[in-house]
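Here's the structure, in structure tokens; my notes come after.
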Amino acid sequence: MIVLGIETSCDETAAAVCKDGTVLSSVVASQEDHARYGGVVPEIASRSHERLLLETANEALSRSSVRKRELDGIAVTRGPGLMGALLTGVSFTHGMALGLNIPSIGLNHMEAHIFANFIAYPELQFPFLCLLVSGGHTQIWRVERLGDYELIGETRDDAAGEAFDKGARILGLGYPGGVEIEKAAEGGNPDAVAFPRALYKTDAVEFSFSGLKTALLRHVELRGGTLPQSELADVAASYQHAIVDVLLSKLRLAIDKTEVSTALVGGGVAANSLLRKKAEADFSDCTILYPEIALCTDNAAMIAFLGEIYLMRENKVGHTHSVVPNLRLSS
Ligand code: KG4
Ligand code: ZN
């Protein structure tokens, strides 16, 4: 079975081809136009997707040496994400699928982040936990099987990726914030600033990052509104550690509560090397897995891969599914 995947939920225009569970090609056209605004501008994202989609899809097909008429279906993210951005991908997919007379498969982006781990670890066994950490989500799920998910806990306010992005903006760094803070933190002392770790000592699998962002803002204000360059590495390292400490302490709590000792980490923040290193060191008694970096941040390989699974089950297939910007995984 051969599936083309299309991803346009935020600011990456991506297309990929998957055949019998193997990713043949994966193309991600990152939109550069947002950097100068310090975040994603929805209208620019939609227009850029429109401009880039056809050539990105053609590039994915050409790199895989698959011809359009060999496709069995086209999978696309229908949510969660930015309304206009999602519409470009879903409209493109419906049009192409109708033209080729093949099914269109509408998928949940977060579910695709979870199942991206099966690309790297095909032998993965259910049940497992998944720490989903992206620009809009910080959640821990118990995954019983495909389509059977229990929410163990989530953030009360900002997502971890959002904390990175807002923190980077406060520090005058670029976007995406996680990458920039990680770079700025190199060589810094993580104990230099005692940033708050909200809900750290509680027994609840819950996160809160809005106070951390405010603490960073106050710290910078106390330094006169701009941090001296000599302090940047220490502050970035302290901030990054505060986020990672909370994420991993709550993952530990979730593992203890559920007694499920295999956990995956998915979503853009899973690309963070401190998170990966610390998870390896702190969880030697469990199995912690994360996909390669290119599969953590937004991509269409995960969409094509999950699309093929659903197509084989003839589930979520048709030409009528529409976008749902606040689509949630059911629990
Ligand atoms: O999954 P993703 O690419 O898009 C969404 O579905 O939201 O996640 C984007 C988020 C951004 O907030 C970005 O700052 C964060 O992932 N991110 C990182 C790193 N790379 C991307 N956060 C920490 N460290 C990184 N290396
Ligand atoms: Zn994502």
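The values are calculated or read from the model by the stated rules, or taken from the named source; none is laboratory data. Quick caveat: nothing in here was measured; it's all calculated off a predicted structure. Positions of Cβ are backbone-derived with ideal geometry, glycine not excepted, and every protein chain shown enters the neighbour counts. Protein only, heavy atoms only, side chains kept; ligands, DNA and RNA dropped before computing areas. Shrake-Rupley method; radii C 1.70, N 1.55, O 1.52, S 1.80 Å.
For the reader, a short list of remarks on this structure follows.
- Most mobile listed residue (13, 297, 202) in the chain, GNM with C-alpha springs under 10 Å: 202
- Cα centroid separation, region 152-218 to region 312-331 (Å): 32
- Each Cα pair of region 126-293 feeds into the Kirkwood radius, which the Stokes-Einstein equation turns, at 10 °C and 1.306 mPa s, into a diffusion coefficient of 99 µm²/s.
- For the chain, with +1 on Lys and Arg beta carbons and -1 on Asp and Glu, the positive-most of 91, 304, 268 along the dipole: 91
- Mean-position separation - Cα centroids, region 83-135 and region 13-30, in angstrom: 11
- Assuming charge only on the beta carbon of Lys and Arg (+1) and of Asp and Glu (-1), the dipole of region 126-293 about its Cα centre is about 260 debye to the nearest 20.
- Taking 251, 100, 222 in turn, the Gaussian network model of the chain (Cα-Cα springs below 10 Å) assigns the largest fluctuation to 222.
- Under 5 Å between amide hydrogens, built in the peptide plane, is the criterion, and for residue 24 it picks out 17, 18, 19 among residues at least 5 positions away or on other chains.
- Cα long-axis angle, helix 229-258 against the chain (0 to 90 degrees, to the nearest 10): 70
- Here the peptides 260-266, 190-196, 140-146 are ranked by packing, the mean other Cβ count within 10 Å, and the order with the highest first is 260-266, 140-146, 190-196.
- Accessible-area composition of the chain, carbon plus sulfur, in percent [1.4 Å probe]: 49
- Note on the chain: the alpha carbon radius of gyration divided by the globular reference 2.2 N^0.38 Å gives 1.00.
- The order of the peptides 205-213, 225-233 by mean Cβ neighbours within 10 Å, most packed first, is 205-213, 225-233.
- Dipole magnitude (debye, nearest 20) for region 119-206, charges at Cβ of Lys, Arg, Asp, Glu: 160
- Acute angle (nearest 10 degrees) that the helix 109-120 long axis makes with the longest principal axis of the chain, alpha-carbon atoms: 90
- Nearest 10 degrees, 0 to 90: helix 273-282 Cα axis against the chain principal axis: 80
- Listed residues 107, 54, 311, most fluctuating in the chain (Gaussian network, C-alpha, under 10 Å): 54
- Counting only Cα atoms, the size of region 1-70 along its three principal axes is 41, 20, 15 Å, in decreasing order.
- From helices alone, the chain scores -14000 deg cm²/dmol at 222 nm; the rule is -39500 (n - 2.57) for each run of n ≥ 4 DSSP H residues, then divide by the residue total.
- Value in Å of the Kirkwood radius, where region 32-172 supplies the Cα pairs that are averaged: 17.6
- The chain, accessible area per residue, ligands and nucleic acids excluded (1.4 Å, Å²): 43
- Spherically averaged projected area in nm², based on the convex hull that wraps the Cα atoms of region 45-86: 3.4
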